[in-house]
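Presented below is the structure to which this report refers.
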Amino acid sequence: MDRLNTIINDLILSNEYDLIIPVVKAGLLTLVRDNYLSQFITTIEQISTQQINTYHIAFINFNKQLIDIENYLQTLFQTLENQYNLKLVDIQDFIIKLPYNAVKQQLLHTTNIIKSTFYMKFIDIFEYYLAAYASQHVRIACAELLKNATTCSFCKLPLSSGCKCIELQEQFEIIILILKRLGLLSRVCQSAALAACRHRITNFIKQICEQYSSHACLPHLEQWFETGVLTWLSILESHCNNDHDNNDDKQQSTFKIDLSSCRTELKHHIYECVMRERGARHMFQIIIDYPESRHGGVLDDLKRCVSIVGKRHLIIDNVRNEFNKRLLHPGVGTTEILAAFINAIRVLRYLDSTGVMMELACLNVKQFLA
Ligand SMILES: [Zn+2]
């Protein structure tokens, strides 16, 4: 901005006042486009997943640079008015549209610096903030699912002294604000919002299914999904709608979600994840633990998942492999094998009353016992 000051001084000395505004506008636009914006985009692209808690710093820095420009302009215009009695146009509109215009020029440029990797980074960023949102807004269900009511399910800090997730919501608001000012919010949401929800569902279910439990998880998980994930997605969509009202770019389509089809698609993903984590990883414990696994509800969870998702082979393969690995070899008593076999029949018949799953899964055991 020192260079810009020198140019303005030259213009004043040579009485070319009418050139001041165009020069200031062009100078600041170039500064934002070629320096601030490219630094910001490069920082986002280069941050690794492990450093996800530092993402917001790039947004805060960019926001600070915009505030610095605003302060600079205000001081400059004040000086020009006081010293030279020059009345200059309102700067608010120029300042508001400055980041948006810088991006617009970048998008039109043949060597577009905003690559798809920039948009893809937001899958991780959104997942991070969605996790914090869901943890904060669905406390009871999270505590039940993770069997832990004393620490936050996301930031792991004690709930009694207030966890970090409220602060994270404030960071997320700055991120949304900057994306709006850049006119990139809808584009980013189109590339990353739904994928972020899917990632969060996968990772959260992995977290809650890490240990075997005989208890049902679907009722709390569905509550977490409705109040945490879907609400977060709707909030994001409403930000995009507000953004569209202030945006004169008719080319850009607003991020819109069909809540009903999103719900169906993401719930299907939940059932599939539960089936993979519980059914494929814990099936042997579920069998050994019977009838506790039926009373606790985990079997009812699986039954619902199988009826919705299908993919019975995931469970069948797991039962076969586990039986081969743990039971079907010399050294294991026949009584033990028989007890597990009987439980397996009960469990598999409960999951699939046609008996097809049982027949396929227990083929090896039958041959071994014959
Ligand atoms: Zn927290």
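Quick notes
- Qualifying residue in region 230-241 (condition: part of a helix (DSSP H, G or I), more than 30 Å from Ile288 (Cα to Cα), without any contact (Cβ under 8 Å) to a residue 24 or more places away in the chain and more than 18 Å from the chain's Cα centre (by Cα)): yes
- Count of residues meeting criterion [open to solvent by less than 60 Å² (accessible area, probe 1.4 Å) and outside any loop (DSSP other than H, G, I, E, B)] in region 159-179: 11
- Filter result (within 20 Å of the chain's Cα centre (by Cα) and either assigned by TED's automatic domain parsing to the domain that holds Ile96 or away from the ligand (no atom under 16 Å from the Cβ) (or both)) within region 142-181: Glu173, Ile174, Ile175, Ile176, Leu177, Ile178, Leu179, Lys180
- Of the residues making up region 121-128, at least one is open to solvent by less than 60 Å² (accessible area, probe 1.4 Å) and within 13 Å of the ligand (Cβ to nearest atom).
- Qualifying residue in region 197-216 (condition: open to solvent by less than 60 Å² (accessible area, probe 1.4 Å), of a type in the set (Val, Ile, Thr), within 22 Å of Ser253 (Cα to Cα) and in contact with a Leu (Cβ under 6 Å, 6 or more places away or on another chain)): no
The values are calculated or read from the model by the stated rules, or taken from the named source; none is laboratory data. These numbers come from a predicted model, not from an experiment. Neighbour counts are summed over all protein chains in view; Cβ atoms, including those assigned to glycine, are modelled from backbone coordinates with ideal geometry. We work out accessible area using only protein heavy atoms, side chains counted, and drop any ligands, DNA or RNA first. Shrake-Rupley method; radii C 1.70, N 1.55, O 1.52, S 1.80 Å.
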